[in-house]
């Protein structure tokens, strides 16, 4: 069995967040799935612009904790566009053993509590 790469885990986290955004009525203006390029999503909802930073946080990390310096930079950029800034931390772990890597085509657990406004 093949372990998912950092990029594949990032894409999976983006898919989880993207589905939630879509269900909540966000319209995607821009999507960036490259690692360390921010924000991942630029969306429009209720005529308001939203910048959303998505991070996959490997177990045992806490998906609710974020890099304050990074988010401050993104928020500073967002303010120029009169956009709101959000963080979406997604914990993805192996369902059978959280200490093992997430494997391709194997069950995984998701720890995601939704968007956090910055």
- Test result for residue 3, surrounded by fewer than 15 Cβ atoms within 10 Å (Cβ to Cβ), under 20 Å from residue 95 (Cβ atoms) and in contact with a strand residue (DSSP E or B) (Cβ under 8 Å, 6 or more places away or on another chain): yes
- Note on the structure: Scanning the stretch 79-103 residue by residue, the ones that are in contact with a helix residue (DSSP H, G or I) (Cβ under 8 Å, 6 or more places away or on another chain) and closer than 14 Å to residue 1 by Cα total 1
- Task: Check the stretch 85-92 and report whether any residue there is exposed (fewer than 11 other Cβ atoms within 10 Å of the Cβ), under 12 Å from the mean Cα position of the chain (by Cα) and under 16 Å from residue 40 (Cα atoms).
- Result: no
- Item | Residue list for the stretch 16-45, filter: touching a strand residue (DSSP E or B) at 6+ places or on another chain (Cβ under 9 Å), closer than 17 Å to residue 78 by Cβ and without any contact (Cβ under 8 Å) to a residue 12 or more places away in the chain | 32
- Item | Any hit, the stretch 93-102, residues being assigned to a loop (DSSP other than H, G, I, E, B) and in contact (Cβ under 8 Å) with a residue 60 or more places away in the chain | yes
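All of the numbers you see were taken from the coordinates with simple rules; none came from a lab. Predicted model, so just to flag it, every value in this text is computed and none were measured. For neighbour counting, all protein chains shown are included, and Cβ atoms are generated from backbone atoms with ideal geometry for every residue, glycine included.
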